[in-house]
Amino acid sequence: MLSAVIDHLWQSTLFAGGVGILASVLRHNRASVRFWLWLSASLKFLVPFALLAALGAQVPGQPANFGTVTVTPQVLSTAIDSVIAPMSATGFAVGIVPAASPAHLWLNFLELVWLCGFLVIAGYWLAGWRQIRGARANSRPLAIDFLIPVRTSTVMLEPAVAGIVRPVLLLPNGIEGWLSPQQLRAVLAHEQSHVQRRDNLTAALHMVVKALFWFHPLVWWIETRLITERERACDEAVLAIGNTAEEYAAGILSVCQHYLESPLRCAAGVGGGDLTKRIEYILSRPKRVALSALQTAVLAGLASIVIAEPIITGHLAAPVAERHVTGSAIFRNYEAVIPETSPPSDGKDLVNAAATGNLAGVRSLLRKGVDVEFADGAYTPLTQAAQDGRDLVVQELLSGGAQIEHRRKGGDSALILAAGMGHFAVAKRLLDAGAQINDQSASGFTALMEASASGHQKIVLLLLSQGAEVNHVGAGETALLLAARNGHEDIVRLLLDFGADLSHRRFDGQTALDLAAEGRRAAVVEILLRRGAVSKP
């Protein structure tokens, strides 16, 4: 029995590895495609190849001269045959271990360890299920037009779909006070996507897999991929029906800030997955690429082969013949060849090329040994490219060794310049490369303050989601003061959601409310008053 379990485990592991390769190949397609691939890897743990082989052995009417029939392409057949051979229908006879042998004692010990792990995981899920059940029992109906009944609860859990057979949408009391109408509409669209996809059912299936195979690290990793692709699929659906990325991302952040995450994977909420990566994905406005006809045909063919091969092998009830398969693969690396520009005179040409976005020129100058840190008066090549929003040039300069924290004359780093000018892609690339998010200029301004002052909401959200200090003070100012003075109401809301200090005063005693009123920013004044702002005495 133990040998059969081991065979099943390594076969399922190999299958999951193949799914991982396919998911990587289809990384530019819809997230729902990758979700179903990972779900198949999960469910494979519940369906041993030996079971399919045993089913095939029960099929009557084997042809007398079946060996002349070609069932599948030779290479794929050989690969899968070699995988299922240890667990073919003829291989179920397992030697019986004597009851008193040391091997029997070890088996009993392993069974006890497995049972303890199973009970711990089942107990954890039972506790989560009771919490959801309590929230549902203490809820009351809410009159909202939705696919399933909507109920509101006093339990501070995030909006979530609870139940599999008769699901309901649970909303926390007062959520409309934390979210704008646009944000609430986007959050409801997210939950509607969970309902339409039957995500609670698929999550429950993987919970069974995890309880049975808790000892296998791959099962835990598959769970993270399922959650990631599930949430991305719902995010794509929300954006596809016209919700704005900024409002949707802000709504998710507000929910996660004020409510607890759903305690069960099979009670799908809006805050699942890696929050930072989700926000970045949403703000990148992903394009959903449908499977092409060729991709669909290939996936269907692979699925048919994986299912049919063990059934046919079991039907034949014969040892797998030894085959020798040879093959070769040719890999070609293509590199764009860009004509060389005129020879450089000094590093000024590199700064100029960075400013104009001349990627070919930048590459040529770097290959010729021009100093990547050359400073032409106020700018280095990196700070110049960051200020002008030359994302590909920034990438090339960083690859060429440019120091990310070098500043232009005046103290602004590349991140501060990119944030102030509203270049989201550049700011994100610099953060991913290790830029200090709370670094400040000579005047004390951070990237968050620059973006808030200039009204770049997308960058403000990116910086806040990655830990920017919301109440940093520079030259007496804060991000909230700058946004309020300039009338950026959406940014004011974001900053307040992340804990911006309403009571901070400038050197002259003015608060954010004073600055907004002075500038006749009526919408900002209204927001600040609702949040409890006060004027200077």
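What the table below lists for this structure:
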item: In Hz, Karplus ³J(HN,Hα) per residue of the range 427-433 (6.51, -1.76, 1.60; θ = phi - 60°; x = Gly, Pro); result: 4, 5, 5, 5, 5, 4, 7
item: R0 of 41 Å, Cβ-Cβ distance SER180-SER24: FRET efficiency to nearest 0.05; result: 0.60
item: Paramagnetic label zone (point 7 Å from Cα along Cα-to-C-beta, ALA297; backbone N under 19 Å) in the range 23-46; result: 26
item: At R0 = 41 Å, FRET efficiency that the Cβ-Cβ distance of ASN438 and ALA360 yields, to 0.05; result: 0.70
item: HN-Hα J in Hz across the range 105-110 - Karplus 6.51, -1.76, 1.60, θ = phi - 60°, x for Gly and Pro; result: 5, 5, 4, 4, 5, 5
item: Per-residue ³J(HN,Hα) for the range 136-152, Karplus 6.51 cos²θ - 1.76 cosθ + 1.60, θ = phi - 60°, Hz, x for Gly and Pro; result: 5, 5, 9, 9, 10, x, 10, 7, 10, 6, 8, 5, 10, x, 10, 10, 10
item: Span from the the range 433-452 Cα centroid across to the the range 478-537 one, whole angstrom; result: 20
item: Segment GLU373-TRP221, length gained on full extension (0.36 nm per residue, minus Cα span); result: 50.5 nm
item: Residue-span extension gain [ARG288 to VAL473] - 0.36 nm each, minus C-alpha spacing; result: 62.5 nm
item: Long-range HN-HN contacts of VAL150 with modeled amide H, under 5 Å; result: LEU142, ILE144, LEU169
item: Spin-label pair LEU502/VAL113, simplified geometry with 7 Å Cα→Cβ offset, distance in nm; result: 5.7
item: Sequence of PHE118, PHE35 once ranked by neighbouring C-beta atoms within 10 Å, starting from the fewest; result: PHE118, PHE35
item: Per-peptide average of other Cβ atoms within 10 Å, ordering 141-152, 522-533 highest first; result: 522-533, 141-152
item: Theoretical FRET efficiency, 1/(1+(r/R0)^6), r = Cβ-Cβ of ALA4 and ALA204, R0 25 Å, to 0.05; result: 0.40
item: Residue order, fewest to most beta carbons within 10 Å, for HIS258, HIS423; result: HIS258, HIS423
item: Exposure proxy order (Cβ contacts within 10 Å, fewest to most) of HIS28, HIS488; result: HIS28, HIS488
item: Among 238-250, 380-392, the order from most to least packed when residues are scored by Cβ within 10 Å on average; result: 380-392, 238-250
item: Where only alpha carbons of the range 102-283 are counted, the Rg and the Dmax (Å); result: 18.1, 67
item: Those trypsin sites (Lys or Arg not before Pro) in the range 6-47 that DSSP places in a loop and that have at most 15 other beta carbons within 10 Å; result: ARG27
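No value in this document is a laboratory result; all are computed from the given coordinates. Quick caveat, the model's predicted, so the values are computed rather than measured. No Cβ is skipped: glycine too gets one built from the backbone with ideal geometry, and neighbour counts run over all protein chains shown.
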